[in-house]
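Computed from the coordinates by the stated procedures, all read-outs in this text should not be read as laboratory data. These numbers were taken from a predicted model, which means no experiment stands behind them. Note that we place each Cβ from the backbone using ideal geometry, even for glycine, and neighbour counts take in every protein chain shown.
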Amino acid sequence: MPQHNICVFCASSLGGDPSYSRLATEVGAAIAESGLGLVYGGASIGLMGKVADAALENGGQVTGVIPDGLRSRELNHKGLTELIITEDMHERKRIMYERSDAFLALPGGMGTLEEVFESATWTKLGFHKGRKNKPVILVGSSSFWSPLTSFLDMLVEEELMKASDREIVSYQKNPKDAVDRLLTLFSTHNELEQ
């Protein structure tokens with residue numbers, strides 16, 4: 001069993017840019033190759049399916065969490081280490097958050113953005129169980145994420161968000177760099193606990 005799990009938020013579609021699929025595959029592989037577990041939305045399609053497939057192909061442990069009502073639409077993955085069926089989206093997200101030590105976000109739509117903001121808010125408010133400080137890293141092309149990071153910076157400038165809260169959500173272009181950053185954070189956290 002992996003010592004730490006990374007939750008990945010991303011689209012249940014492939015999107016219009018082929019680089020999104022490559023990114024999802026690189027993220028799944030980087031997580032598995034680093035000995036980390038993957039927690040994600042449980043689908044076999046879209047970027048979600050690409051992340052899970054890559055993690056599994058590289059020997060990773062993968063936990064999928066999917067609401068019963070979405071199993072037919074998102075086509076739950078059949079080859080996971082563990083598949084958890086929930087009653088609704090609220091339970092899905094709660095379980096994903098509880099089972100994870102940090103979050104990576106790849107390109108996605110409203111659901112992905114909601115998960116980014118909700119998980120970051122839970123970190124800000126100290127609502128996460130276990131590890132309280134669970135960072136969110138946006139991964140991929142800066143052209144995709146720059147509008148969001150600029151918006152977050154503007155919230156700090158407008159004094160609607162503290163600079164310390166802004167640090168919860170960071171950006172890394174390269175999947176391996178994102179995973180390495182989390183490994184460093186986990187290592188530092190473990191040293192502080194000893």
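Karplus-derived 3J(HN,Hα) values for the range 147-163, using 6.51 cos²θ - 1.76 cosθ + 1.60 with θ = phi - 60°, are x, 6, 5, 5, 5, 4, 4, 5, 4, 5, 4, 7, 6, 9, 8, 6, 4 Hz; glycine and proline are entered as x. Taking Val27, Val169, Val156 in turn, the Gaussian network model of the chain (Cα-Cα springs below 10 Å) assigns the largest fluctuation to Val156.
Around Ala55, with a cut-off of 13 angstrom between Cβ atoms, what is the net charge of the other residues, counting Lys and Arg +1 and Asp and Glu -1?
Values: positive: Lys50; negative: Glu26, Glu33, Asp53, Glu57, Glu82.
Summing Lys/Arg as +1 and Asp/Glu as -1 gives -4.
Using DSSP to define loop residues, name the GluC sites (Glu not before Pro) in the range 56-88 whose beta-carbon has at most 13 other beta-carbon atoms within 10 Å.
Of the GluC sites (Glu not before Pro), the ones in loops of the range 56-88 whose Cβ has at most 13 other Cβ atoms within 10 Å are Glu87.
The phi torsions of the range 20-35, fed into the Karplus equation with coefficients 6.51, -1.76 and 1.60 and a -60° offset, translate into couplings of 5, 5, 4, 4, 4, 5, 5, 5, x, 5, 4, 4, 5, 5, 8, x Hz, rounded to whole numbers, with Gly and Pro shown as x.
Note on the chain: Cα-only Rg and Dmax are 15.7, 47 Å. Of all lysines in the structure, those lying under 21 Å Cα to Cα from Lys78, and not within fewer than 8 positions of it along the same chain, are Lys50, Lys93.
Under 8 Å for C-alpha pairs, at least 6 residues apart: give me the relative contact order for the chain, rounded to a whole percent. Let's see the in-between values first.
Numbers: 356 pairs, mean separation 39.8, N = 194.
Taking the mean separation of contacting Cα pairs over the length of the chain, I get 21 percent.
Only one residue of Phe117, His128, Ser143 has its Cα farthest out toward the positive end of the dipole of the range 92-152, where Lys and Arg carry +1 and Asp and Glu -1 on Cβ, and that residue is His128. Rounded to whole numbers, the Karplus 3J(HN,Hα) couplings from phi for the range 54-61 are 5, 5, 5, 5, 9, x, x, 9 Hz, using 6.51 cos²θ - 1.76 cosθ + 1.60 with θ = phi - 60°, and x at Gly and Pro.
Place the peptides 39-49, 5-15 in order of packing, highest mean first, counting for every residue the other Cβ atoms within 10 Å and averaging per peptide. Please report the intermediate quantities before stating the final value.
Numbers: 39-49: 25.3, 5-15: 22.8.
Ranked by mean Cβ neighbours within 10 Å, highest first: 39-49, 5-15.
Taking amide H positions as modeled 1.01 Å from N, with prolines and chain starts lacking one, the residues under 5 Å from Tyr171 and 5 or more places away or on another chain are Leu138.
Based on Cβ point charges of +1 for Lys and Arg and -1 for Asp and Glu, what charge dipole magnitude is obtained for the chain about its Cα centre, in debye rounded to the nearest 20? The partial results should precede the final answer.
On the way: 19 positive and 26 negative charges, 53 e Å.
Roughly 260 debye, rounded to the nearest 20.
Would you calculate a helix-derived [θ] at 222 nm for the chain, using -39,500 (n - 2.57) for each DSSP H run of n ≥ 4 and dividing by the full residue count, to the nearest 500? Could you put the intermediate results ahead of the total?
Working: 8 runs with 97 residues, N = 194.
The helix-only estimate for the chain comes to -15500 deg cm²/dmol at 222 nm.
Near the amide H of Val65, within less than 5 Å, lie the amide hydrogens of Tyr40, Gly41, Gly42, Ile84, all on another chain or at least 5 residues away, with H placed in the peptide plane.
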